[in-house]
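The values are calculated or read from the model by the stated rules, or taken from the named source; none is laboratory data. None of the values given here were measured: they were computed from a predicted structure. Here Cβ is always computed from backbone atoms with ideal geometry, including for glycine, and neighbour counts include all displayed protein chains.
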C-alpha cells in the first residue's frame, strides 16, 4: 500500500510495516508479535542471539526472509533483509523505543521463464541510516508508531542474466527528513492509519556497456513528499492474490503528494548522446478502493519537458500547465445505478518554435497554447462484480450506462475553439443502449483557421466550401466566425442537429 511503503523505507520500519509493536507489553512480547505478524505475510524472522540488557531486549543477527512462487507468471522470487542488531527498549512510560543497526543488507533475487531461457535478476542493496527511531505507544489492540529518520541512504547494484539484457546497474537513493506516524489496529480486519512526510528524495540509476561503448544514467529528485491513508483488510498467512483480498472486504483510501520534481535520462549510444528531462512544480495521486467503488486521480502542476537525440533533427521542448486525470466508478454488482466520473484536463500545452517550424515555417498559424478538457459524469449499473473471476471470462458488457452528463468538453487549438455540454439518458431494454437528450456544441475561429490552411496549401479550397455547407445545414451563426449546434437524440431513435435529421 502507498502508506505502508513509505513507512517501510528503513530496515526498522520494514519490520514495523507488517507488525504490531505493542507499547504496554514487555520487549519479549513485542518481539513475539513481530515474528507472528511477519509470518502472516509469508515472511520468516530469525535471530542468531537474543538477550536482555536491563530494560532493553537486544536481538543480534536479525534476518527476514520472504519467498514467493507465482506459477501463473512462471516467476520465483526470494528476498532477504539482515541487520546486525535490533534493540527494543522499555522506556518506563508505557512506550517502547525501537532502534536498529546503522547498516542493513538487502538481497533480492528472481527467476522468470522467458521463452527458451530463464532470466534471473539479482539485486544487492545496503541501507545506511543514522539516528532513526520509532516509538510505539497505545494498547495491544491499537498501536501507534511515531517515526523519525533524519537521513536514509540506499546503495547497491542490480544484475540481469539472459541475452539482450542490460549490463549491471548501480542504484542509489537518499531520503531526508522522514517523520510522521503509522497506526495499526488488530482484529478480524487489520486497520491502519498513516501520516508521513519526507523533505527530499534523490535517486539515480546508471550503467554502461563497455563492448558497445554505451552509457546510461537516470536521476531525479522530489521535494516535500507526503502521504496520508487508511487501509482495512483481512490478514491471512501467506500471499493472497488481489481478487481474494478484495473479496475479503479490503478497503484502501489515501494519497501521495509531492512538491517540485525533476527527472533526467541521459546517455551515449552508438549514434550519439541522448538527453531527456522533465520538471513539475507539484503533483498528487489519490486512490479509493473497496468492494463498492473505485476512484483514482492524478493531478500535476505546471511542467516542462525536453528531448535531444540523434534520432531527431533538433531538440524538442515544451511545457504544460495544470493537468488532471480522474476515473471513478462503482464496482459491485447491483440492481441500482451509482455515480461515475471520467475526467481529463491538459491545459496550456506549448511546444518549441523548432517544432512549429516543421509545418509552419512562415509563422502563419496561431501558436497559442492548446487545451483539452473532457469532464463527464453520470450513473451506471455494474452487471457483475468488476473485481471477480467472473469479470475475466465475461463475454458481454460489464455494466450498463444509464445517464451521461457532459459537464464540459473543450478543445482549443490553432486559434479555434470547440466546446460542448449536455445530458443524456439511455434506454438499455433494446439490446443496444438508446440515448435520449441533447448536447450543445459551440465553435469559434474555424473560418480564420481554414483561410490560413488554404493559404499555406495544406487544405484545398473546395474542402473549405464543403465544411461551410455542412455548417450552414447543421449549425447556426452565433457571432463573428462563431457557430452553435444542438445535437438531439429523440425517442424514435433519430439524431437531429438544429432540427435537421442526420440519422
Among the residues in region 72-82, are any part of a strand (DSSP E or B), in contact with a strand residue (DSSP E or B) (Cβ under 9 Å, 6 or more places away or on another chain) and under 19 Å from residue 182 (Cβ atoms)? yes
Scan of region 51-63 for residues that are outside any loop (DSSP other than H, G, I, E, B) and more than 15 Å from residue 101 (Cα to Cα), ordered by number: 51, 52, 53
Reported set for region 27-73 where residues are without any contact (Cβ under 8 Å) to a residue 12 or more places away in the chain, surrounded by fewer than 16 Cβ atoms within 10 Å (Cβ to Cβ) and under 37 Å from the mean Cα position of the chain (by Cα) is 32, 36, 69, 70, 71, 72
Which residue, of 404, 394, is surrounded by 15 or more Cβ atoms within 10 Å (Cβ to Cβ) and either modelled with pLDDT of 90 or more or under 26 Å from residue 427 (Cα atoms) (or both)? 404
Would you mind stating whether residue 379 is part of a strand (DSSP E or B), within 30 Å of residue 426 (Cβ to Cβ) and under 24 Å from the mean Cα position of the chain (by Cα)? no
Do we find that residue 220 is at pLDDT below 90, part of a strand (DSSP E or B) and closer than 30 Å to residue 309 by Cα in this structure? no
Within region 460-499, restricting to residues that are within 26 Å of residue 431 (Cβ to Cβ) and part of a loop (DSSP other than H, G, I, E, B), the one that is farthest from the chain's Cα centre (by Cα) is 492
Is there any pair with a first residue in region 223-246 that is on the phi > 0 side of the Ramachandran plot and part of a helix (DSSP H, G or I) and a second that is modelled with pLDDT of 80 or more and surrounded by fewer than 17 Cβ atoms within 10 Å (Cβ to Cβ) whose Cβ atoms are under 6 Å apart and which are 6 or more apart or on different chains, and what are they? none
For region 292-319, how many residues meet the condition of being touching a helix residue (DSSP H, G or I) at 6+ places or on another chain (Cβ under 7 Å) and surrounded by fewer than 16 Cβ atoms within 10 Å (Cβ to Cβ)? 2
Identify all residues within region 461-501 that are surrounded by fewer than 13 Cβ atoms within 10 Å (Cβ to Cβ), touching a helix residue (DSSP H, G or I) at 6+ places or on another chain (Cβ under 6 Å) and over 29 Å from residue 433 (Cβ atoms); write none if there are none. 461
Unmet requirement for residue 398, which otherwise passes all of (1) free of Cβ contacts under 8 Å to residues at least 40 places away in the same chain; (2) under 19 Å from residue 296 (Cβ atoms); (3) within 23 Å of the chain's Cα centre (by Cα): (3)
Just wondering, is there one or more residues in region 435-443 that are surrounded by 13 or more Cβ atoms within 10 Å (Cβ to Cβ), touching a residue at least 24 places away in the same chain (Cβ under 8 Å) and more than 39 Å from the chain's Cα centre (by Cα)? no
Taking the condition in a strand (DSSP E or B), within 30 Å of residue 306 (Cβ to Cβ) and either touching a residue at least 60 places away in the same chain (Cβ under 8 Å) or in contact with a strand residue (DSSP E or B) (Cβ under 6 Å, 6 or more places away or on another chain) (or both), does residue 344 pass? yes
Test each condition in (1) crowded, with 17+ Cβ neighbours inside 10 Å; (2) touching a residue at least 60 places away in the same chain (Cβ under 8 Å); (3) within 29 Å of residue 474 (Cβ to Cβ) for residue 450 and report the one that comes out false. (2)
Restricting attention to region 175-222, the residues that are farther than 30 Å from residue 33 by Cα and either more than 21 Å from the chain's Cα centre (by Cα) or in contact (Cβ under 8 Å) with a residue 60 or more places away in the chain (or both) number exactly 12
